[in-house]
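Student: Below you will find the structure I want to go over with you.
Just so it is clear, none of the values below were taken in a lab; they were calculated from the coordinates. Since we're looking at a predicted model, the values are computed, not measured. Glycine gets a Cβ as well: all are built from the backbone with ideal geometry, and neighbour counts include every protein chain shown.
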Amino acid sequence: MANYAHNNDGHNHGGTEVAPPQTAVIWRTFWVLAGITALEFVTAFLFPAGTLKVAIFIGMTIVKAFYIVGEFMHLKHEVKSLIWAILIPTLFVVWLLIALLVEGGSIFQLR
Amino acid sequence: MAATVTTETAPSDSAQAFDKKTWMGGVEPMNASYGKLMMWFFLISDTFTFSALLVTYGLIRFSYPAWDPAIYGEVFKFSNIYWPIPEKVYNAVPFLHGVDAPLVFVGIMTFILIFSSVTMVLAVEAGHRMDRADVEKYMLWTILGGLTFLGSQAWEWSHFIHGTEQGTVIRELVSGQWVERTIFGANLVENQYGPPAFADLFFFITGFHGTHVLSGVVLNILIFYRAATGLYERRGHYEMVEKVGLYWHFVDLVWVFVFTFFYLV
């Protein structure tokens, strides 16, 4: 993981020489994402509708988001202050989501 | 004498409340360049826009009844009274007319977008190595992936708008009389698959995401052109590939959430 972050160190020879690609982490991340998507597809048909199924889907989505943001967008290897500057605001989204789902349930009760 | 000079300058440096050089430019806060930082801040604001759309979906979804076999009959059929089951709505695949293949096509679309994200990160990696040929190759793959996704979405929209062969019979109150009418497909005011709000949210959410993919493809083409004409090589770094890469991965990330909350749950 760390070697991907620094793979350009020591290879800058003015663009005349090209270093060999270091893509092991990228492909591993791809297989994780592809595998989880396949599992989501299977889960859609194997599990009966209910809270458990929704919880499994949300859990898998968060794992996929972690790999995309952490590895592909490289956030995992940035400084801590940047990581928190991105993550903390998204907590407000979770708050809004829960608040408005409850609100939607109340509208359903009143209809 | 040299020793006294250093002892004299050292206290005067540390006595300053801050290092003046901090405010003279060239310093990268959070260890990220200006452009990358601004891209991150744009993406967090875009996150809020997409969240607003998906949270709206959740609110309206929860304000409608879900399909219940005990109340509405054992066999699921479309109705504008309750919210539809997504896998009953999205069950068509191009060239396989009449075949019930729930979520297959949208699953393929998800794979296409994830794969184009991989080729994008490979282009960024090639940029770190100053490998111009590889950057060009992977940017082209990324553009191709983006265009394939947009084409798939156009087909998906077209199918959704035109509807199934049988259509759905709905009952509605027209000037005091209950009348039955068969409707095909969906638009912003009527919807054969469920309540009209379901179609509205489908058009808004996937449409807003599709617009992001479209602008991403345009940006990718620009990056490919500038890499191919050697601009980044002359500049000495391929950081623009990274910045547009961040945007492209974000578009992929949004689709991961749309896939879960619109098609699976």
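Student: Would you mind calculating the gained length between A:Leu52 and A:Val79 on full extension (0.36 nm times residue separation, minus the Cα-Cα distance), in nm to one decimal?
Tutor: Here the answer is 6.1 nm.
Student: Let me ask something additional. Over chain B, what relative contact order in percent results from Cα pairs under 8 Å that are six or more residues apart?
Tutor: This gives 22 percent for chain B.
Student: What percent of all Cα-Cα pairs in chain B falls in each 10 Å bin, counting up from 0?
Tutor: That works out to 6, 23, 24, 17, 13, 8, 5, 3, 2, 1, 0, in percent per bin.
Student: Once phi is turned into θ = phi - 60°, what whole-Hz ³J(HN,Hα) does the Karplus curve with 6.51, -1.76 and 1.60 give for every residue of the range B:56-64, x standing for Gly and Pro?
Tutor: 4, 4, x, 4, 6, 4, 6, 8, 10
Student: Something else: Any lysines with Cα under 22 Å of the A:Lys64 Cα? List them, leaving off those in the same chain fewer than 8 positions away.
Tutor: Counting by Cα, and skipping residues close in sequence, A:Lys64 has these lysines nearby: A:Lys53, A:Lys76, A:Lys80, B:Lys243.
Student: Same structure again: Where Lys and Arg each count +1 and Asp and Glu each count -1, what net charge lies around B:Met109 among other residues with Cβ under 13 Å from its Cβ?
Tutor: For residues surrounding B:Met109, the net value is -2.
Student: Ranked by Cβ crowding within 10 angstrom, fewest neighbours first, how are B:Lys20, B:Lys88, B:Lys243 ordered?
Tutor: B:Lys20, B:Lys88, B:Lys243
Student: Using a 10 Å Cβ count of at most 15 others and DSSP loop calls, identify the longest part of chain B lacking such GluC sites (Glu not before Pro).
Tutor: No qualifying site falls inside B:166-265, the longest such stretch.
Student: Which ordering of B:Lys137, A:Lys64, A:Lys80 is given by a fewest-first count of other beta-carbon atoms within 10 Å?
Tutor: Going from sparsest to densest Cβ surroundings: A:Lys80, B:Lys137, A:Lys64.
Student: Here's something else I'd like to know. From other protein chains only, count the Cβ atoms within 10 Å of every residue's Cβ in A:97-108, then give the mean.
Tutor: Neighbouring Cβ atoms belonging to other protein chains average 5 per residue here.
Student: Okay, moving on. How many partner chain Cβ atoms sit within 10 Å of a residue's Cβ in peptide B:243-255, on average, as a whole number?
Tutor: Going residue by residue through B:243-255 and averaging, the value is 3.
Student: Counting only DSSP beta bridges with both residues in chain B, tell me the antiparallel percent, nearest 5.
Tutor: Roughly 90 percent of the DSSP beta bridges within chain B come out antiparallel.
Student: Next up: Are there chymotrypsin sites (Phe, Trp or Tyr not before Pro) in the range B:68-127 that DSSP marks as loop and that have at most 12 other Cβ atoms within 10 Å, and which are they?
Tutor: B:Phe95
Student: Additional query: Which whole-Hz couplings ³J(HN,Hα) result when phi for each residue of the range B:246-260 is put into the Karplus expression 6.51 cos²θ - 1.76 cosθ + 1.60, θ = phi - 60°, listed in order with x for Gly and Pro?
Tutor: Those phi angles translate into 4, 4, 5, 5, 4, 4, 5, 4, 4, 5, 4, 6, 4, 4, 5 Hz.
Student: What is the antiparallel percent of DSSP beta bridges lying wholly in the protein assembly as shown, to the nearest 5?
Tutor: Given both bridge residues lie in the protein assembly as shown, the antiparallel proportion sits at roughly 90 percent.
Student: Next question, about the same structure. Can you run phi through the Karplus equation (6.51, -1.76, 1.60; θ = phi - 60°) for the range B:151-165 and list ³J(HN,Hα) in whole Hz, with x for Gly and Pro?
Tutor: Per residue, the Karplus-derived 3J(HN,Hα) values read x, 4, 5, 4, 5, 4, 5, 4, 5, 4, 6, 7, x, 7, 5 Hz.
Student: Moving to a separate point now. What average count of beta carbons from other chains do you get within 10 Å of the Cβ of residues in A:18-31?
Tutor: Average neighbour count from other chains, rounded to a whole number: 4.
Student: Here's another thing I want to ask about it. For the pair A:Phe92 and A:Arg28, how long in nm is the line joining their label points, each one 7 Å along Cα→Cβ?
Tutor: Simple spin-label model gives 3.6 nm for this pair.
Student: If you don't mind, there's one more thing I want to ask. Could you tell me the calculated FRET efficiency between A:Phe66 and B:Asn187, based on Cβ-Cβ distance and R0 = 51 angstrom, to the nearest 0.05?
Tutor: 0.85
Student: Another question about this same structure. Going by C-beta contacts inside 10 Å, put B:Arg234, B:Arg61 in order with the fewest on the left.
Tutor: B:Arg234, B:Arg61
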